[in-house]
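Structure first, commentary second.
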Amino acid sequence: MTTTLKPATAAREASHQPGPLALALRQGRLELTQFLRSRESVVFTMGFPIIMILIFAAVFDGEIAPGVSFPQYFITGMIAAGLMTVSFQNLGIWIPIERDRGVLKRYRGTPMPKWVYFAGKVIMVVVVGITETALLIAVSVAVFDLQLPGTAAKWLTFGWVSVLGITACTLCGIAISSLARTARSGSAVVTPVALILQFTSGVFFVFTQLPSWMQQVAALFPLKWMCQGLRSVFLPDTFAGQEPGGSYELGRVALVLAAWCVIGLLLCLGTFRWTTRRDG
Amino acid sequence: MENELAIVARGLRKAYGENTAVAEVDLEVRRGEVFALLGPNGAGKTTTVEILEGYRRRDAGEVSVLGSDPATPAANWRNRIGIVLQGVGEFDELSVSEVVHHFAGFYADADDPEKVIARVGLAGKSRARTHTLSGGQKRRLDVALGIIGRPELLFLDEPTTGFDPEARREFWQLIRDLAAAGTTIVLTTHYLDEAEALADRVGVIASGRLIEVAAPEHLGNRQQAHATVSWRTPEGLTESAESATPTELVTELAARFGGEVPGLTVTRPTLEDIYLQMIGHR
Ligand SMILES: Nc1ncnc2c1ncn2[C@@H]1O[C@H](COP(=O)(O)OP(=O)(O)OP(=O)(O)O)[C@@H](O)[C@H]1O
Ligand SMILES: [Mg+2]
């Protein structure tokens, strides 16, 4: 009965607009729903790294160093490349499509805070990234006896390298999405960047066998450092001597990845476009 | 001011390179009013409306929409306006119900999503994926998303394009209901009957200039316009005359024919005639 005495304005105040966390989670759920419902993207995103590692395992059997099999080495690159596919490529291709379709324009017309859109993408990417990595590792353990990290410290390193790496790649993916002017050009922009980085960062080749100038160029970008951080997790400590710096340089890994998070965030905030050029 | 006028624009200008899309537009929309913008393709309707919505930057002029400059709106501003854009694509892989529920979550005082879906006539399509909707059904979804936040001010850019006649009538009723509940409505349209049926005032825009703003019945001095009286002569020919005083002419004709005037019609220019004349002069 008392509720009927409330003036209309009070009712307006009292109505519940979700808080920031709830908004982000709702957006994340929506993004995940959309991702999971487009079957091809699920199959390709999840399946690509697994197929790649199976091919590698079939092509290179043998050992790269005493006690270190080729697949044990290349799993690090595949995990890193998989995380990059889920975040950087996925967003760099999808956001231009959403922009072109006017989905972003619609969001801009609502009271949704801008960051909620990014948060939704991050949540989607993290969930898909974790699932995809877990699958990749499970298949690798089953098929070629991948040795899992043996200490809590290594698992911890696995955690922070993945989180920093996927965050940096997500932000860079959102940032690069503004370069594409149309829905179609998204993959044209992103795919070469991703492929070149993968070839030069030690995903497909043993990093130290690459020409040193190429190693130096790759060291400017996050993927090389993600691979290196993951090698410290999956390869024995004795292997550290074979790294270009003579050790896994975890401090530097953290620093470069964090720097790319900051650069990516600034690029996102500074250059993100909600509408296409023809929207005036 | 804030209380009487929902929109005030003065000297609005926007050019794309050499092409002036909007030139010196002055516009006032009162609270609670239904205002229609009419104009041919490329006249500048969308550009004007999207400046008011905060999507496009103006080159010059002053604008106040619900007391805010749309380029730098107050925090709560987007909660108070609803937007139906002219051409906008669908969401991927989501159902009507999911999209409307999701958007309801963005607003402080959203309407009941199921109610809104029913209101725009999509109740039967609630679970359908948005990309499977027909053109007119997609447009209804756009309208649903425009009104889900219970806006004080609703913009609709050619909302009924693609509607079948029945849907258009239903939509008109929806607009009337919203207006009756106090919503200020700005809509653009190419349909003169729509402007006439809905709008309290109509603005005619051509080549970026607002050439007239008036109630539909007063547009282009329609009421003062001469009526055309036509009738059939005893020889079977149709004759007609323009007259400022048609009643007098008809009385005279009645006397001449000794009662019933064969084939008598008295017409005034339709809104369409007036409108075509207005934009034809550009
Ligand atoms: N993003 C843009 N870039 C360049 N020119 C533009 C842009 N948007 C609009 N114009 C130009 O501005 C003018 C007005 O366009 P606008 O879209 O406002 O017209 P309109 O009245 O909405 O037309 P319609 O009835 O076809 O929707 C046109 O000459 C158009 O070519
Ligand atoms: Mg238009």
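The values are calculated or read from the model by the stated rules, or taken from the named source; none is laboratory data. On a predicted model such as this, the values are computed, not experimentally measured, just so you know. Note: ideal-geometry Cβ built from the backbone for every residue, glycine included; neighbour counts use all protein chains shown. For the accessible areas, the whole protein counts, side chains as well, though only heavy atoms, and no ligand, DNA or RNA atoms are used. Shrake-Rupley method; radii C 1.70, N 1.55, O 1.52, S 1.80 Å.
Of note:
- Candidates A:Thr133, A:Thr110, A:Thr208, ranked by Gaussian network fluctuation over chain A, Cα under 10 Å, top entry: A:Thr110
- You can think of it this way: the chain between B:His218 and B:Ala197 has 6.2 nm of extra reach, that is 0.36 nm per residue less the Cα-Cα gap.
- Dipole size of the range B:174-282 about its Cα centre, with +1 on Lys/Arg Cβ and -1 on Asp/Glu Cβ: approximately 300 debye, rounded to the nearest 20.
- Stretching the chain fully between A:Ala142 and A:Thr275 yields a gain of 43.2 nm (0.36 nm per residue, less the alpha carbon separation).
- Chain-alone versus full-assembly comparison, the range A:77-114, residues with accessible loss of at least 30 Å² (1.4 Å probe): A:Arg101, A:Val103, A:Lys105, A:Arg106, A:Tyr107, A:Arg108, A:Gly109, A:Thr110, A:Pro111
- Note on B:104-111: average number of Cβ atoms from other chains within 10 Å of each residue's Cβ is 6.
- All other residues whose Cβ lies under 13 angstrom from that of A:Val256 are scored, Lys and Arg at +1 and Asp and Glu at -1, for a net of +1.
- Taking only the alpha carbons of the range B:85-170, we obtain Rg and Dmax values of 12.0, 34 Å in that order.
- Interface burial for B against A (accessible surface, 1.4 Å probe, total of both chains, Å², rounded to 100): 2800
- All C-alpha to C-alpha distances of chain B, sorted into 10 Å bins beginning at zero, yield P(r) values of 6, 25, 28, 20, 11, 7, 3, 0 percent in whole numbers.
- When the solvent-accessible area of the range A:20-275 is split by element, carbon and sulfur atoms take up 71 percent of it, the probe being 1.4 Å.
- Separation of the alpha carbons by more than 30 angstrom is noted, of B:Lys14/B:Lys115; A:Lys121/B:Lys45; A:Lys114/B:Lys45; B:Lys14/B:Lys125, for B:Lys14/B:Lys115; A:Lys121/B:Lys45; B:Lys14/B:Lys125.
- Solvent-accessible surface of chain B, averaged per residue with a 1.4 angstrom probe and all protein chains in place: 45 square angstrom.
- Rounded to the nearest 0.05, the FRET efficiency derived from the C-beta distance between B:Val266 and B:Asp26 at R0 = 35 Å is 0.40.
- Angstrom value of the Kirkwood radius, inverse mean 1/r, which spans all Cα pairs in the range A:20-275: 18.7
- For residues of B:144-157, the mean tally of beta carbons on other chains within 10 Å: 1
- Per residue accessible area in Å² of the range A:211-280, where ligands, DNA and RNA are left out and the probe is 1.4 Å: 48
- Span-rule helices in chain A, defined as complete DSSP H runs reaching 15 Å or more along the axis (Cα) with Kyte mean at least 0.0: A:20-37, A:39-59, A:70-84, A:114-144, A:152-176, A:185-200, A:222-234, A:250-271
- Around B:Glu114: net Lys/Arg minus Asp/Glu count, Cβ-Cβ under 14 Å: +1
- As a size descriptor, the averaged projected area of the C-alpha convex hull of the range B:1-159 was calculated at 10.0 nm².
- Förster-model FRET efficiency, 25 Å R0, A:Ala22 and B:Glu170, C-beta, rounded to 0.05: 0.10
- Gap separating the Cα centres of the range B:259-282 and the range A:202-270, nearest whole Å: 79
- Membrane-span-like helices in chain B, defined here as complete DSSP H runs extending at least 15 Å along the helix axis by their C-alpha atoms with mean Kyte-Doolittle hydropathy no lower than 0.5, are absent; this is a sequence and geometry rule, not a statement about a membrane.
- Charge dipole magnitude, Cβ of K and R +1, D and E -1 - the protein assembly as shown, Cα centre, debye nearest 20: 1320
- Gyration tensor (alpha-carbon) shape descriptor, the range B:227-280, a/c threshold 1.5: prolate
- Qualifying GluC sites (Glu not before Pro) in the range B:16-92, where qualification requires a DSSP coil assignment and no more than 14 other C-beta atoms within 10 Å, comprise B:Glu18.
- Spherically averaged projected area in nm², based on the convex hull that wraps the Cα atoms of the protein assembly as shown: 37.3
- By average C-beta atoms within 10 angstrom, highest first, the peptides A:250-261, A:38-49, A:97-108: A:97-108, A:250-261, A:38-49
- Residues B:Tyr16, A:Tyr248 ordered from highest to lowest accessible area at a 1.4 Å probe: B:Tyr16, A:Tyr248.
- Cβ-placed point charges (K, R +1; D, E -1), dipole of the range A:20-275 about Cα centre in debye, nearest 20: 1420
- Percentage relative contact order, chain A, counting C-alpha pairs under 8 Å, at least six apart: 26
- To the nearest 10, the accessible area of B:Ile81 is 0 Å² with a 1.4 Å probe.
- Percent carbon-and-sulfur accessible area, the range B:5-220, ignoring ligands, DNA and RNA, probe 1.4 Å: 44
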